[in-house]
1. If the label point is 7 Å along Cα→Cβ of ARG20, which residues in region 56-80 have backbone nitrogen under 19 Å from it?
2. Rg(Cα) of region 38-163 divided by 2.2 N^0.38 Å?
3. Taking the Cα atoms of region 58-131, what is the range of coordinates along each of the three principal axes, in descending order and whole Å?
4. Measure nothing fancy, just the Cα-based angle from helix 81-108's long axis to the longest principal axis of the chain, in degrees from 0 to 90, nearest 10.
5. Provide SER151, SER52, SER170 in ascending order of the number of other Cβ atoms located within 10 Å of each residue's Cβ, fewest first.
6. Given 0.36 nm per residue, what is the gain on full extension from LYS223 to SER82 after removing their alpha carbon distance, in nm?
7. First measure r as the distance between the Cβ atoms of ARG73 and ARG8, then evaluate 1/(1 + (r/R0)^6) with R0 = 25 Å and state the FRET efficiency to the nearest 0.05.
8. Quick one: compute a quarter of the convex hull surface over the Cα atoms of region 105-228 and quote it in nm².
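Taken together, the values in this text are just the output of simple stated rules run on the coordinates, not laboratory data. As the structure is a prediction and not an experimental result, all values here were calculated from the model. Note that we place each Cβ from the backbone using ideal geometry, even for glycine, and neighbour counts take in every protein chain shown.
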Amino acid sequence: MSAPMNTRLPSKDIYHFTIRANVYQIVLLAVLLFLPWNTKTLLDIVYYTLRSSEIIIAAILSSNLLIGMYFSRNTFIKKSLSYRIRAIFKGFGYYMLATCFFHSIAVLYGAPFFESVPQTFHFGALLASTAVFPGLCILGLNLSNWVRVFSQNGADLGPESVVQISAVSSIIGAWLGAFPIPLDWDRDWQEWPITCMVGNLLGYMTGLLIAAVHLCIRYNKLKKHKVT
């Protein structure tokens, strides 16, 4: 019987690239989220929620796409052109379905049904970008991979564990972000869905940090055990 995937020692290249990718995303999102805060520029998520969220979503999608291309360069690139085109369209379709799903969930949890539709849709797209799209880039479209990672705790020690931890953390962060909205503080940043978006991003960044620390600790522990 083979060892569980999360107890296997990843290669040195995968280990270092995963750590660097996590740090890069954390720094990128921190710059996009906090530097423009309260500046009333197009990147300020409080005053220009839709535009700034679109930029952040584009940054998350592009960075995860590049990360996924790195890990799948020996498999996806070798596939036929028609296969790659179908996979890209299917992945985009699943991403849009996830966006609509999170939009619907937000409405069921109290988001305005007729008002603020663009804001709710952008929130759904942001949540899909952090909770679903990284999985599409790493796990692909194979349902068994998703079941193994999220239902059977079978993520490998590397990019799959990052996807698992960051997805759960981003959803928790979005949920926690809803708590300040009904408070009687009358602040601009309490408008829907700013706090949920910020909570989602903070949760995603926290998940990336936790995953990087987890990978570092487990990698060195397994490496030491292997040497001894």
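1. What the label zone holds, given the 19 Å backbone N cut-off, is 62-74.
2. Normalised by 2.2 N^0.38 Å, the Cα Rg of region 38-163 equals 1.19.
3. Its Cα atoms span 46, 22, 16 Å along the three principal axes.
4. Computed tilt is about 40 degrees.
5. SER151, SER52, SER170
6. Full-extension gain reported as 46.7 nm.
7. Taking R0 as 25 Å, the efficiency between ARG73 and ARG8 is 0.75.
8. 9.3
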